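A short worksheet on the structure shown next.
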Amino acid sequence: MKLKPFKSNVIIEPFRIRSVEPIRFTTMRDREKLLHKASWNPFLLKAADVLIDLLTDSGTGAMSSRQWSAMIESDESYAGSSSFYKFESAVRDITGFKHVIPTHQGRAAENILFSLLVTDDDIIPNNTHFDTTRAHVEHQGGQALDLLIEEGLQPLTIHPFKGNMDTEKLEQAILKRGKDNIPVIMLTVTNNSGGGQPVSMANVREVSRIAREHGIPFFIDACRFAENSWFVKIREEGYQDKKPIDIARELFSYADGCTMSAKKDGMSNIGGFLALNDDDLARECRSLSILTEGFPTYGGMAGYDMEAVAAGLYEALDEGYLRYRIRSTAYLGDKLVDAGISIIQPTGGHAVYIDAKHMLPHIPPLEYPAWSLTNALYLTGGVRSVEIGSVMFGLQPDGSEKPAPMELVRLAIPRRVYTQSHIDFLADVVIHTYNQREKLGGYRITSAPKVLRHFSAELEPLE
Ligand code: F0G
């Protein structure tokens, strides 16, 4: 018997589920009460009251049996724990950086780096600063400068690497401000705030060349480095036959260091690191990390967290996993596009970003259209998403408000958590909401802190 070779376009979850967590169904009436109680801010909802939680892909992934078994074997010594050496060796193997400083999560690495490098009136270029990165730069008196290519700001324009930095603008900024006022150049892979869009290897190389020419350190915000490597593999010429791990190694080889949240492509629930080559800077970073994070061989992580990350970094680079990961995000994106919904295209790596400005033109930016859509998705189907718009980015350092460049709703997909039927249900929720979009109204902020206000702001619907 000679059977024909089998080929299916269906990409299945490349794992079996052996441990499950129940999710709670609520009624629309329940959700209205719950959201009201949470001051119309989804961050203030109890997770148990959410059916499908797409608030973030950060720390919300499912760990593998291999990670759990490594965790049992952890060494919890204060100094010199063997779990640290495993962690350090994995980070060095993938990034090639000499010094590895563990931190409790990504923003702690940013805090250490920027506390030492940034002073008043410095500018820090990036493709797009993530909110914590921006806040840390501003906290040190610096200015966070976003230099994304034009295409990256146009949701519907198709471009394979919409996370690229505009390197002409980078050169102009260096000329204008002088290299002495630019202590570091950053590049965020993938570009979270701009739609989870990848940065091409050519762009990384060019940013690196410019940084080196001017003697400015170049650091990568590496949270989603594995997803970025996959996009390079499938979209950039010359990388089709390369393994994701080798693409990642090349990416890091152009930089002087990186900040990392292991809660994303570290496949862990907590953890992060700062990795770099400069000996003197590393010494200062370690001293500061003792003050804020802990001894340099644990830095805010338990031994078992370091074990989880050491294994997780390799799992994030597995080809079968990455193919499924990127394809399943695109599957959701395709469903929404087919229904006529504007999303950032092409679909990014870890999330689908709905263009709320386009969907809700009747809500002015400072009445927060993306916030309104976020709340409508929860009310409709118990789905929690996140606003990346004028609530998150509209508040200026001088206290005034300015509309954000885009009004987006991010549906971030936790790693290895939801199945295709969850995604099908989710698409139904979004489409149902879209079909009655003219009924959605704006919001008003009734109270908010001065920094990172979206996390705890209280709002109310405008009638
Ligand atoms: N940089 C980027 C690009 C990020 O996406 C994040 C976190 C951080 C830095 C900070 O890392 O949370 O470990 O301190 N992003 C999460 C998100 C919170 O939902 O996108 P952290």
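Annotations
To keep it simple, each residue is scored yes or no on (1) acidic (D, E); (2) in the same structural domain as N277 (by TED's automatic domain parsing); (3) farther than 17 Å from L452 by Cβ.
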residue	(1), (2), (3)
M71	no, yes, yes
S77	no, yes, yes
R92	no, yes, yes
G106	no, yes, no
N111	no, yes, no
D120	yes, yes, yes
R134	no, yes, no
V137	no, yes, no
A144	no, yes, no
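- Verdict on M392 being within 16 Å of the ligand (Cβ to nearest atom), in the same structural domain as D355 (by TED's automatic domain parsing), assigned to a loop (DSSP other than H, G, I, E, B) and modelled with pLDDT under 95: no
- Per-region count, segment 230-243, residues surrounded by fewer than 24 Cβ atoms within 10 Å (Cβ to Cβ) and either within 14 Å of the ligand (Cβ to nearest atom) or in a helix (DSSP H, G or I) (or both): 3
- Matching residues, segment 348-363, being among the β-branched types (V, I, T) and surrounded by fewer than 24 Cβ atoms within 10 Å (Cβ to Cβ): I363
- Segment 64-116 - residue that is open to solvent by 20 Å² or more (accessible area, probe 1.4 Å) and within 16 Å of the ligand (Cβ to nearest atom) and, of those, farthest from the chain's Cα centre (by Cα): S115
- Matching residues, segment 144-169, being under 17 Å from P397 (Cβ atoms) and touching a helix residue (DSSP H, G or I) at 6+ places or on another chain (Cβ under 7 Å): A144, L145
- Flag if I124 is in a strand (DSSP E or B), more than 9 Å from the ligand (Cβ to nearest atom), of a type in the set (A, V, I, L, M, F, W, C) and not assigned by TED's automatic domain parsing to the domain that holds K450: yes
- Leading residue by the ranking (surrounded by the fewest Cβ atoms within 10 Å (Cβ to Cβ)) among those in segment 254-273 that are near the ligand (Cβ under 8 Å from one of its atoms) and of a type in the set (S, T, N, Q): S261
- Any hit, segment 170-180, residues being assigned by TED's automatic domain parsing to the domain that holds K264 and closer than 25 Å to G106 by Cα: yes
- Some residue of segment 137-150 being modelled with pLDDT of 95 or more, in a helix (DSSP H, G or I) and away from the ligand (no atom under 16 Å from the Cβ): yes
- Count of residues meeting criterion [out of contact with any Pro (no Cβ under 9 Å at 6 or more places or on another chain), in a loop (DSSP other than H, G, I, E, B) and at negative phi] in segment 47-82: 10
- Count of residues meeting criterion [assigned to a helix (DSSP H, G or I) and buried (at least 24 other Cβ atoms within 10 Å of the Cβ)] in segment 378-389: 1
The values are calculated or read from the model by the stated rules, or taken from the named source; none is laboratory data. Everything numeric here is computed off the predicted structure, so don't read it as measured data. Reconstructed Cβ throughout: ideal geometry from the backbone, glycine too, with neighbour counts over all protein chains shown. Heavy atoms of the whole protein, side chains included, go into the accessibility calculation; ligands, DNA and RNA do not. Shrake-Rupley method; radii C 1.70, N 1.55, O 1.52, S 1.80 Å.
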